[in-house]
Amino acid sequence: MNAVELRDIRKTFNVYRRTGRIRRERVEVDAVAGISFTVARGEMVGYVGPNGAGKSTTVKMLTGILVPSSGFVRVLDLEPTRQRVELARRIGVVFGQRTQLWWDLPLRDSFELLRYIYRIPSDVYERNLAEFGKVLDLETFIDTPVRQLSLGQRMRGDLAAALLHDPEILFLDEPTIGLDVVAKARIREFLARLNVERGTTVLLTTHDMDDIERLCKRMLVIDHGRVIYDGDLQTVKARYGADSVLVVDLEETAPPLDVPGATVERVDGPRQWLRFRREHTSAASLLSHIASKAAVRDIAIQDPDIEDVVRRIYGSS
Amino acid sequence: MRLWWEVARRGFRRYATYRGATFAGVFTNSVFGFIRAYVYLALFAVVRHINGYTVSDTLTYTFLSQGMLMPLFIWGWSEIADTVYSGQIATDLYRPFDYETYWLSQDLGRATYHAILRGIPPFVVGAVFFTLRLPHDPETWLLFCVSFYLAVAVSFALRFMVNLSAFWIIDVRGVMGLSASVWTLLSGFTIPIAFFPETLRHIIDFTPFVAMLEMPMNIFLERVHGVAALQTLGVQLFWVVALLTAGRIMLKAGSQKLVVQGG
Amino acid sequence: MADAAVFLRLAGSRVRAQFSYRLSFLLQIVGAFLLSFLDFVAILVIFLHLPRLAHWTLPEVAFLYGSSYVAFKAGDVIGGNLDKLPLLIRMGTFDQVLTRPLGTLGQTLTVDIDIRHVGGIVQGLVVLLYSISRLHIAWDPVRAVMFVAMIASALVIYGAIWVSANAVSFWVMDAREVANSVTYGGNFLSQYPMSIYSIWMRRLFAYVIPIAFVSYYPALYILGKTDATHSPFVLRFLSPLVAVASVIVARFIWRMAVRRYRSTGS
């Protein structure tokens, strides 16, 4: 049975554009322009795309917030907007940029309220609270008002809050946005475990490629309201290639470096940009080659971001 | 001077973006004007004069005061208090211009916008449905203009101080609500001060609140003429200077607290 | 019904959160109590100049004012935060409301509970008690029932008006102030006998926005007054029915508003 099924889903918004001092013109904009895909139970799928591609709109249609303009949508065999309340009991939703916790209450009190909102049996509640408390390390701040939590702590609290009622699917909208490296790692580890141990289906939107790399076997790339790729990350990389860039600051200005496995893209005084593929060459071997030719003062590595990947998918098609 | 003019112009423009809100506000002010007007019509169906006010004087007062509500901005201005809580004020205070004059200029610009778009329309609505009294003397308009800006300055100075109380109080909303309600009553917004019992009236006359509404109204309704009108402006000016000075002292005390405690 | 228990719990948590700033909170209640008296001052000042306003004495007007104000402020405790709908929509709080297995209206109403309005309720009660002590009402079982029904219906009618008027925010974001003209404006209007208003205002505020049923019509019966507007006698007993009808209308408007939100996302 499919956890999520979408067939030719569209969402059109009316946007008003000012054309004169007073006059306005109505323009129809397709936020989602005919999307179809299915997600099997137990899958963990990354839903990626640049800002404004239609990611959030899709999630909102799947969680019963928005009604599609046309098309067929089923989540756990329910029609999200018409069977909103029933569906709400069986899914969890986390919006990375805002919290569903009560900002002026201690985390524990928010959990307590959610327990009543979702009518969670007390044994389930106790068990989940104990487990999430341990895995997400909530104990140290569970009695602190939410407004005093750091972003990372708050996100952990939000994740636990969304999972207390044992949802079958977890929707995450940008769960790692704004978090530092350590916090990101922690969240990813937790999600991976959740997916494996509990079999929870996870659909997460992100524009952080690392999220996908660490978490999702499958990714859907969306742009301008359409799915432009559905498959695994490795295939994208192999097929469309996503280059990383090594930026080196040399001690003094030098001609473009000749290093195997990399091409110099740009030179600006003593700084050079070398494009390479992580699958073919490691940064370390590049660096040792460079060091043998010139004195290196500093380095930085830029990994491909989602915009790069999207550009490449377009470029090849 | 040029700087303050530019600041005032920006204050004017800032509010020009909220079209829907402007329309909604005019509608609401007019509705309240209507309700009040009918209360006064019932009152004047029994009595002919109250302390020199006729029914058309009172209706004029009603719709003009509905129009002055937004220019005087009696309710809910907490911009400065917000910067105190966010700590932004520390930076603002070190800008190379006078803090109080900056906000006063911006507020006068805002009041001009509100006078045109929120002040005149309710008055026009009132004039369509009721008999209102316009000044006979052309120079009254000029005097009223001056008196209006002095009233805005008085209201600004009071609001400025309420905002600055944020230096000492954790939550200014209580003080803000309390003061706004006292002002609406004692400025003559709820009901003309002239309708109050005589002894009470004499006491209220010594407060700055009458300089916000009662005094411009007296000029518009030509209850004061010639020298008396100039005297009224003089009293308003006195309150402007006194309250702005008080605000300045408060700001100084507040910023000292900021320096000592680091916010 | 089980949902009602959850909403009570949500409301309770909001109230408790306010108690955490005890002093500020207490001051605000006392402030609200004193401030709301200022509303009554206008009525007192008017009665300095005449014994009867449109054939209504001061205690009679105080009866209208007090009964209406108690209900209005009680409605304000819960419905007052509907004022903040534009903010809830902009901050995405309303999206969250839609992802929870509870009704949207109940959740929106319990987003915040502003307990400070209790000060206003007390003030309304004080005015009401003053008026009853002066009025020599011929109390009998029917009048007593009518009195209770009046306050209860008024509360429900105000609640329905709060919801219907503020639902406008789903269509026009910055037109919130229009809602104020029927909520606060309606309460202000109800403080005086309806007979002072022009005929179209009376019709508007009786048959479209049922403010006249909040206190005027039932008060006519309880106080045994004749109606200068010559309205049908039966209207004096209809407040409970009107309350039920306004709830139905308010629910319908709210549903349309939520439907609109879910199709436009704003």
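The values are calculated or read from the model by the stated rules, or taken from the named source; none is laboratory data. Remember, predicted model here, so these are calculated numbers, not experimental data. Every residue, glycine as well, gets a Cβ built from its backbone with ideal geometry; the counts of neighbours run over all protein chains shown. Heads up: the accessible areas ignore ligands, DNA and RNA and are worked out on the full protein's heavy atoms, side chains in. Shrake-Rupley method; radii C 1.70, N 1.55, O 1.52, S 1.80 Å.
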Show the residues, 5+ positions off or on another chain, whose built amide H is closer than 5 Å to the amide H of residue A:67.
C:263
Chain A, Gaussian network, Cα under 10 Å: of A:271, A:24, A:297, the residue fluctuating most is A:24
Using only the alpha-carbon atoms, how far is helix C:2-19 inclined from the longest principal axis of chain C? Give it as 0 to 90 degrees, nearest 10.
80 degrees
Percent RCO, i.e. relative contact order, over the range B:154-263, from Cα pairs under 8 Å lying at least 6 residues apart:
37 percent
Roughly speaking, what is the centre-to-centre gap between the range C:188-266 and the range A:223-239 when only Cα atoms are used, to the nearest Å?
59 Å
In whole Hz, what ³J(HN,Hα) sequence does the range C:137-148 give by Karplus (6.51, -1.76, 1.60; θ = phi - 60°), x for Gly and Pro?
6, 7, 5, 9, x, 5, 5, 4, 4, 4, 5, 5
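Rounded to the nearest 100 Å², what is the sum over both chains of accessible area buried where B meets C, with a probe of 1.4 Å?
2700 Å²
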Total accessible area buried between chains A and C, 1.4 Å probe, in Å² to the nearest 100?
2500 Å²
Tilt of helix C:22-46 relative to the longest C-alpha principal axis of chain C, in degrees (0 to 90, nearest 10)?
40 degrees
So what's the Cα pair-distance distribution over chain B, bin width 5 Å, in %?
1, 6, 12, 16, 19, 17, 13, 8, 5, 3, 1, 0, 0
Taking the Cα centre of the protein assembly as shown as the origin, how large is its charge dipole in debye, to the nearest 20, when only Lys and Arg (+1) and Asp and Glu (-1) carry charge on their Cβ atoms?
1720 debye
Dipole of the range A:2-231 [Lys/Arg +1, Asp/Glu -1 at C-beta], most positive-end residue of A:204, A:181, A:67
A:67
In chain A, what percent of the accessible surface is made up of carbon and sulfur (1.4 Å probe, ligands and nucleic acids excluded)?
47 percent
Placing one identical point scatterer on every Cα of the range B:112-168 and ignoring solvent, what is log10 I(q)/I(0) from the Debye formula at q = 0.12, 0.19, 0.27 Å⁻¹?
-0.45, -0.86, -1.12
Within 10 Å, at most 16 other Cβ atoms, and a DSSP state outside H, G, I, E, B define an exposed site. Report the longest part of chain A free of exposed GluC sites (Glu not before Pro).
A:1-138
Kyte-Doolittle at least 0.5, axis length at least 24 Å by Cα - qualifying DSSP helices, chain A
none
From the Cα trace of the range B:59-215, what convex hull volume per residue do you get, rounded to a whole Å³?
132 Å³
Alpha-carbon centroids, the range B:162-230 and the range C:33-83: separation in whole Å
22 Å
Based on the Kirkwood radius over alpha-carbon pairs, what value in µm²/s does the Stokes-Einstein equation return for the translational diffusion coefficient of chain C at 4 °C and 1.567 mPa s?
66 µm²/s
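Once the cut-off is 20 Å, how many percent of the Cα-Cα pairs in the range C:108-206 end up in the long-distance tail?
That tail contains 54 percent of the Cα-Cα pairs.
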What whole-number value in Å² describes the accessible area per residue of chain C for a 1.4 Å probe?
41 Å²
At 1.4 Å probe size, with every protein chain present, just tell me what the per residue accessible area of the range B:30-134 comes to in Å².
38 Å²
Please state, to two decimals, what the Cα-based radius of gyration of the range A:1-146 comes to when divided by 2.2 N^0.38 Å (N = residues).
1.33
Please compute P(r) over all alpha-carbon pairs of the range A:242-316, binned at 10 Å starting from zero, and give each bin as a whole-number percent.
20, 52, 23, 6
Residues of the range C:77-108 with accessible area at least 30 Å² lower in the all-protein-chain context than alone (1.4 Å probe)?
C:95, C:96, C:98, C:99, C:100, C:101, C:102
Given the range C:213-266, report the % of alpha carbon pairs whose separation exceeds 19 Å.
49 percent
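Accessible area per residue for chain A in Å², computed with a 1.4 Å probe and the full protein assembly in place, what is it?
47 Å²
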Filter the chymotrypsin sites (Phe, Trp or Tyr not before Pro) in the range B:159-263 down to the DSSP loop ones having no more than 13 other Cβ atoms within 10 Å, then list what survives.
B:168, B:206
Ratio of Rg to Rh over the protein assembly as shown (Cα coordinates, Kirkwood Rh, two decimals)
1.04
Of all the accessible heavy-atom surface of chain B, with the other protein chains kept in place and a 1.4 Å probe, what percent is carbon and sulfur?
68 percent
Counting only residues 5 or more apart in sequence or on a different chain, those whose built amide H sits under 5 Å from that of residue A:228 are A:221, A:222, A:223
Compare C:172, C:70, C:15 in a GNM of chain C, Cα atoms joined below 10 Å, and give the one with the largest fluctuation.
C:172
Sequence order, the range B:4-16: Karplus ³J(HN,Hα) from phi using 6.51 cos²θ - 1.76 cosθ + 1.60, θ = phi - 60°, Hz rounded, Gly and Pro as x, gives 5, 4, 5, 4, 4, 4, 5, x, 4, 5, 3, 8, 6
Return the sequence-ordered ³J(HN,Hα) values of the range C:220-231 in whole Hz as given by the Karplus equation 6.51 cos²θ - 1.76 cosθ + 1.60 applied to θ = phi - 60°, using x for Gly and Pro.
3, 6, 4, 8, x, 9, 8, 8, 5, 8, 6, 6
Farthest positive-ward along the range C:117-208 dipole, Cα basis, beta-carbon charges - from C:183, C:161, C:124
C:124
To the nearest 10 degrees, the tilt of helix C:176-190 (Cα long axis) against the first principal axis of the alpha carbons of chain C is 20 degrees
Rounded accessible area of residue B:227 (nearest 10 Å², 1.4 Å probe):
110 Å²
Given just the C-alpha atoms of the range B:1-74, how large is their convex hull per residue in cubic angstrom?
113 Å³
Probe 1.4 Å - accessible area at residue C:196, Å² to nearest ten
20 Å²
